[in-house]
Structures are given as structure tokens and as C-alpha cells.
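Working notes, structure below.
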Amino acid sequence: MDRAARQRIAGLYDNPVQRGYVQGKLASDPVYAAAAARLAGVSLPLLDIGCGIGLLGHYLHAQGHTQPYLGLDHDARKIAAGQRAVQRAGLDATMRLQQADAAELPPLQGHIALLDVLHYLPAARQPDLLRTAVRHLAPEGWLIIRNVLREPNWRFHATRIEEFFLRASGWIPGGAQHYPSADEVRAPLEDAGLRVQIEPLRGRTPFNSYLVVAQAHR
Ligand SMILES: C[S@@+](CC[C@H](N)C(=O)[O-])C[C@H]1O[C@@H](n2cnc3c(N)ncnc32)[C@H](O)[C@@H]1O
């Protein structure tokens, strides 16, 4: 995505702090491009669980993806900021954002995104959310997860420090609850019959982030 497109998306948000965050995030985080690459060619609605301010939806639309987008997040402030951005973009017909907990998914079947969300749920809720997400996957749909994974390396410790500051700043009230291992993410998906690929996705960050993509066996 070029600079002009990033600036146009950032300009949809309320204030200079949000706009700076959006510009920086779109410029430095490879997750939106990775998701767009997977979703290309399979036209299905997208359910974005823990959507924050809806950046994935705007990124996809700017890349020419026109399928309906529904973003859910339990943080009312982020949803309100995201809804205002959708209105300013004139995208009300294709993008919707709703305040909801990840446990309350609407009856939608399509692609599912879960980007940097899992570790904010307690360990006991994570396999439940993964199994529920699988039930909302269309037969051709992709489940796209990006998450920090628990590993004994310096990147994991750098991530924990970042999460401390995210919580202290109030951006993520409650903060991280449990960092899953690769096996803790993989097992519920494979048990549900999905083929799972896990690969590092760090961009230029020091964080221990991975992309997990899963789809039904065909
Ligand atoms: C790091 S942000 C990621 C936002 C977005 N997925 C992205 O990558 O641009 C994590 C988001 O997960 C949301 N979240 C955490 N726990 C949640 C839950 N139980 N239900 C819904 N949203 C949740 C937070 O409010 C926050 O907006």
C-alpha cells in the first residue's frame, strides 16, 4: 500500500494521535497485506474478531476487496472510532463494525480473521474461541490468525515488555492473559479438521509474531 493510500485511510480517523497510529501501523505491520493475499480470489464475507478500529477492513477495501466486512470488538471506544471512519469513507454498505465480545459471534459463514487478539483471552477461553471460529468458516473460507506465540526467545520477552506498555497506556484494558504456544493454537484447529500452516510474521518489529492460516481439507 502506498503512502497516499495510508494517508487517505488515516485521514478517516478522529484526531492526530489516531491518525499517526494508523499511518504507522499500516506502514510497518505486514499482517494486513498477508491477510489480503490469502483472501484474494475467494469472495466471501469476512468476520474480523477483535477488529479494533477496523483497519483490516479499510486495508482490504483499498486493495480492491469488495466482499462484506463485519468487525467485532468488545471495546466500545474503538468501535465508535471505527464506525465514524466507515461513515467518513462512505463504506456503510460494505463495512460494519459492532461492539460485541468474541464469545458472541453472529451467524455469519465466511472468512474469519483473529489478528493479535487470542492472548487477551484467558487460557481456558482460547480453545473455545478457536473452535467457535471454525464453525463460522465457510467451506472455502480461510481462518487467518496472527498472534504472539510463547517461546523461549528474546523476541517473546520483547513482546511482553510491549504488552506491559499497551496495558499501562489504556490502549488494551486488562492486557494480555495467556500467550499460547504454537501447539495450543494448532491442536483445536487440526482436531476440527483444518489444515494448518504457521510461519513467522514480524515485519520490522522485534516481536515474536506468527501468522497462522487454516482451511478445511479439500
Ligand atoms: C491488538 S488489538 C488488534 C486489533 C485488530 N485486530 C488489528 O490487528 O488491527 C486487539 C483487539 O482485541 C480486542 N479484544 C480483546 N479481547 C476481546 C474479546 N474478548 N472480545 C472482543 N474483542 C476483544 C481488543 O479490544 C483490541 O481491540
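Other residues whose C-beta falls under 10 angstrom from the C-beta of Leu12 contribute a net charge of +3, scoring Lys and Arg +1 and Asp and Glu -1. If only the Cβ of Lys and Arg carry +1 and only the Cβ of Asp and Glu carry -1, the dipole of the chain around its Cα centre is close to 540 debye. Report the net charge of residues surrounding Asp29, where surrounding means a beta-carbon distance below 14 angstrom and charges are Lys +1, Arg +1, Asp -1, Glu -1. Counting the neighbours of Asp29, the net charge comes to +3.
Computed from the Cα positions only, the extents of the chain along the three principal axes stand at 42, 39, 30 Å, in decreasing order.
Per DSSP helix of 4 or more residues, -39500 (n - 2.57); summed, then divided by the residues of the chain. What does that give at 222 nm, rounded to the nearest 500?
-12500 deg cm²/dmol
May I ask what percent, to the nearest 5, of DSSP beta bridges between residues of the chain are antiparallel? So the antiparallel bridges in the chain amount to around 45 percent. Along each principal axis, taking the top coordinate minus the bottom one, the Cα set of the range 107-216 gives 39, 26, 23 Å in descending order. Cβ crowding within 10 Å ranks Trp142, Trp154 as Trp154, Trp142, fewest other Cβ atoms first. Of Asp73, Asp191, Asp29, the residue with the greatest mean-square motion in the GNM of the chain, using alpha carbon springs below 10 Å, is Asp191. Once the Cβ-Cβ distance of Gln63 and Ala103 is raised to the sixth power relative to R0 = 30 Å, the FRET efficiency obtained is 0.50.
Taking the inverse of the mean 1/r over every pair of distinct Cα atoms in the range 169-214 gives a Kirkwood hydrodynamic radius of 12.5 Å.
How much net charge surrounds Gly141 when only other residues with a Cβ under 12 Å from its Cβ are counted (Lys, Arg +1; Asp, Glu -1)?
Taking every Cβ under 12 Å from that of Gly141, the sum is +2.
Counting every pair of alpha carbons in the range 1-128, the share spaced more than 18 Å apart comes to 51 percent.
Values quoted throughout were computed directly from the atomic coordinates according to the rules given, and no laboratory measurement underlies them. No experiment lies behind these values; they were computed from the predicted model shown. For neighbour counting, all protein chains shown are included, and Cβ atoms are generated from backbone atoms with ideal geometry for every residue, glycine included.
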